[in-house]
Amino acid sequence: MKQIYQCWLLAVFLATIVAGCAPTRFVKPLVTGSTAIGASVGGPLIKYGKATIPVPMSSIVVGHGFRDYLTGFMGVNTTSLAFGVVQTDIGIIRKLYMQDGWRPAIVLSPVANLMFDKWENKFSFFPQLDGSFYWHYLHKAHYFYLGISNWIDFNTKRSQGDAQKTHWIPIVHVGHRWVTPRWDYVIECKYIAPTHSNRNIVVEYTGIANRGAIGLYFGFAWKYAKLRYK
Amino acid sequence: MMKPILALGAALLLFTASCLRLDDNLFNNITTDQYRFDDTKAEQEISLDASYKIPDSLIHLVPLVSGDSGSIATIYAEYIGNIAQISTDTVIVYFHGTKGNMDYYWNRTKLLAHVGGKNHFGVMTIDYRGYGRSEGKPTESGMYADAEAAFKWLSANGLIGDRLIVYGFSLGSAPATYKTANPGVLRASKLILEAPFASASVMVQDAAVLAMPPSYFTNLQVNNAQQIRNIHQPFMWIHGINDDFLSISTHGEVVYANHAGLIKEAYRIPGANHVNVPAVWGLEVYKAAILAFIRG
């Protein structure tokens, strides 16, 4: 039935920007003094006609290693930019524990998501706190990772003045990063908002048991300056 | 140093030059060279038997000139009934949904033409600009102008507001609500909304979960939930409880609650989704409810 409203899917392409625009920016901190520039595409899986496709969101990111255990980064959603909305995420990633055998490394990442549109000059701020584990395997630089992002919405009102009941959106992510001296390649899967029903809205997300949305992302990063494996 | 500056410049250029908006996505229009009425192959959401056939003499395709702030378009309307009796008949103006064109709503308009008996009320529907044979490109303001063009034609044929019933379905709830709240040549006596949406921003927020300004996505100002605060005429609201496109709770209930008048009726239809309310409710029950509201 929803195929007749297929064109509204485009509307939701933008609606899904906020929490599902990019893979986890950095999982493992960069080496001190090194910088990485990356790009990614992908988004939540939606039904488009008879096919299921990831929403083709795109973004770029730059990160810098301040310490071996601390990296700062800033990302920009380029798809939003084309719609007149500056959407950036600025954050740090802090390693808490080193990997020890099969015990994974643990990192924490507070992020500020800032948005501003040129049409009505509206500004939004959504804080985010990510926590991840990662494992190098077989003595390689590549690693698997998994973790959870937590988006916070401080708004108390929605557009019609009714209460904004959702103040926490969890996102579970799992991915793999292939690491070479100059380039990293990443594939990541997210489960966005598993706590929320995906029924009775204008788009058909691909979730689990009618909840949330599965997202698929691809990215790469180019690294320069001080390079060494940790 | 030059590369970051160039990247920043490119980003600023993209931002300032950006013009992509989602406004056009409100419309799911299909053009046609010819309206086929009973011969249409367009998908119908409800089925009607042969007893609902309308005599050819009572089916009129009416071209209208619609003006929207300097943008003039010829649009097309269907009038089911005797045009000569508009000066004495009660007329239901049906504003259809976003899908297709008037052919896709042929059975719905025929059903309304049988409320109170065959051709008891006159029924008019229009194709907004960009739909069916109507010229131009669909826009929000154009949709309101097209509705006014229909009212002007009815007025010219003798209709007065006291005998005008406005019915909006889904997207059609926008022109129905707006023109009832902001009347032009005719002031509708009653308003019926089936599966209305509250506003474009609610659609977006429903999908995004987070409370974000609608201006991030669209410049559309459609806001039935706000417009209906200015409507004091009797109001009938019908919504499928299982509407999986426009949620009854975030859309329909808000519109109903905001109606400012004293007389209003709500029909929440169990088992019905966005498009099949008359069929699930039962055609006879549906017609009887519409009739009772119009006569009440």
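Suppose we filter A:K140, A:K223, A:K190 for residues that are surrounded by 15 or more Cβ atoms within 10 Å (Cβ to Cβ), of a type outside the set (A, V, I, L, M, F, W, C) and farther than 30 Å from B:S199 by Cβ; which single one remains?
Details: A:K140 fails: surrounded by 15 or more Cβ atoms within 10 Å (Cβ to Cβ); A:K190 fails: farther than 30 Å from B:S199 by Cβ.
Exactly one of A:K140, A:K223, A:K190 is surrounded by 15 or more Cβ atoms within 10 Å (Cβ to Cβ), of a type outside the set (A, V, I, L, M, F, W, C) and farther than 30 Å from B:S199 by Cβ, namely A:K223.
In segment B:41-81, which residues are closer than 22 Å to B:P278 by Cα, surrounded by fewer than 15 Cβ atoms within 10 Å (Cβ to Cβ) and among the charged types (D, E, K, R)?
B:K41, B:E43, B:D49, B:K53
Kindly list the number of the only condition in (1) away from chain B (no Cβ under 11 Å); (2) more than 21 Å from A:H173 (Cβ to Cβ); (3) surrounded by 15 or more Cβ atoms within 10 Å (Cβ to Cβ) that fails for A:F116.
Evaluating A:F116 over (1) away from chain B (no Cβ under 11 Å); (2) more than 21 Å from A:H173 (Cβ to Cβ); (3) surrounded by 15 or more Cβ atoms within 10 Å (Cβ to Cβ) leaves (1) as the failure.
Answer with yes or no whether B:G158 is on the phi > 0 side of the Ramachandran plot, surrounded by fewer than 21 Cβ atoms within 10 Å (Cβ to Cβ) and in contact (Cβ under 8 Å) with a residue 12 or more places away in the chain. Break it down stepwise before answering.
Details: on the phi > 0 side of the Ramachandran plot: yes; surrounded by fewer than 21 Cβ atoms within 10 Å (Cβ to Cβ): yes; in contact (Cβ under 8 Å) with a residue 12 or more places away in the chain: yes.
Criteria met by B:G158.
Check whether at least one residue in segment A:73-96 is touching a strand residue (DSSP E or B) at 6+ places or on another chain (Cβ under 7 Å), within 24 Å of A:A225 (Cα to Cα) and among the aromatic types (F, W, Y), and report yes or no.
Yes.
In segment A:111-230, which strands (runs of 3 or more DSSP E) lie fully inside it and hold 1 or more residues that are under 21 Å from A:Y69 (Cβ atoms), out of contact with any helix residue (DSSP H, G or I) (no Cβ under 7 Å at 6 or more places or on another chain) and among the acidic types (D, E)? Working first, answer last.
Numbers: elements: A:123-136, A:143-152, A:168-179, A:183-197, A:211-224.
Per the criteria, A:123-136, A:183-197.
Contact list please: Cβ distance under 6 Å, first residue in segment B:110-135 and at pLDDT 95 or above, second residue of a type in the set (K, R) and part of a loop (DSSP other than H, G, I, E, B), pairs at least six apart or on different chains.
Listed by first residue and then by second, the contacts come to B:G130/B:K137.
Looking only at residues that are of a type in the set (A, V, I, L, M, F, W, C) and surrounded by 24 or more Cβ atoms within 10 Å (Cβ to Cβ) in segment B:170-185, which one is modelled with the lowest pLDDT?
B:L171
Consider A:S159 against the criteria (1) within 14 Å of another protein chain (Cβ to nearest Cβ); (2) surrounded by 15 or more Cβ atoms within 10 Å (Cβ to Cβ); (3) under 21 Å from the mean Cα position of the chain (by Cα): it satisfies all of them except one. Which criterion is unmet?
For A:S159, the failing item is (3).
Exactly one condition in (1) at pLDDT 90 or above; (2) away from chain B (no Cβ under 14 Å) is false for A:P181; which is it?
Going through the list (1) at pLDDT 90 or above; (2) away from chain B (no Cβ under 14 Å), A:P181 breaks only (1).
Hey, can you tell me all the residues within segment B:239-260 that are farther than 19 Å from B:A174 by Cβ and touching a Pro at 6+ places or on another chain (Cβ under 7 Å)?
Going through segment B:239-260, the residues farther than 19 Å from B:A174 by Cβ turn out to be B:241-242, B:244, B:249.
Scanning segment B:239-260 gives a single hit, B:I241.
Check B:A84, B:A77, B:A42 and return the single one that is in a strand (DSSP E or B) and aliphatic (A, V, I, L, M).
Going through B:A84, B:A77, B:A42 in turn, just one is in a strand (DSSP E or B) and aliphatic (A, V, I, L, M): B:A77.
Pull up segment A:152-202, narrow it to residues that are among the hydroxyl-bearing types (S, T, Y) and touching a residue at least 24 places away in the same chain (Cβ under 8 Å), then point me to the one that is nearest to A:I46 (Cα to Cα).
Of segment A:152-202, the ones among the hydroxyl-bearing types (S, T, Y) are A:156, A:159, A:166, A:180, A:185, A:191, A:195, A:197.
In the following step, the residues that additionally are touching a residue at least 24 places away in the same chain (Cβ under 8 Å) were identified as A:166, A:180, A:185, A:191, A:195.
Details: A:T166: 22, A:T180: 33, A:Y185: 24, A:Y191: 13, A:T195: 18 Å.
Here the answer is A:Y191.
What's the total number of residues in segment B:88-118 that are farther than 12 Å from B:F169 by Cβ, among the polar types (S, T, N, Q) and outside any loop (DSSP other than H, G, I, E, B)?
Going through segment B:88-118 one residue at a time, the tally reaches 1.
The values are calculated or read from the model by the stated rules, or taken from the named source; none is laboratory data. Quick caveat, the model's predicted, so the values are computed rather than measured. Positions of Cβ are generated from backbone atoms using ideal geometry, with glycine treated the same way; all protein chains shown enter the neighbour counts.
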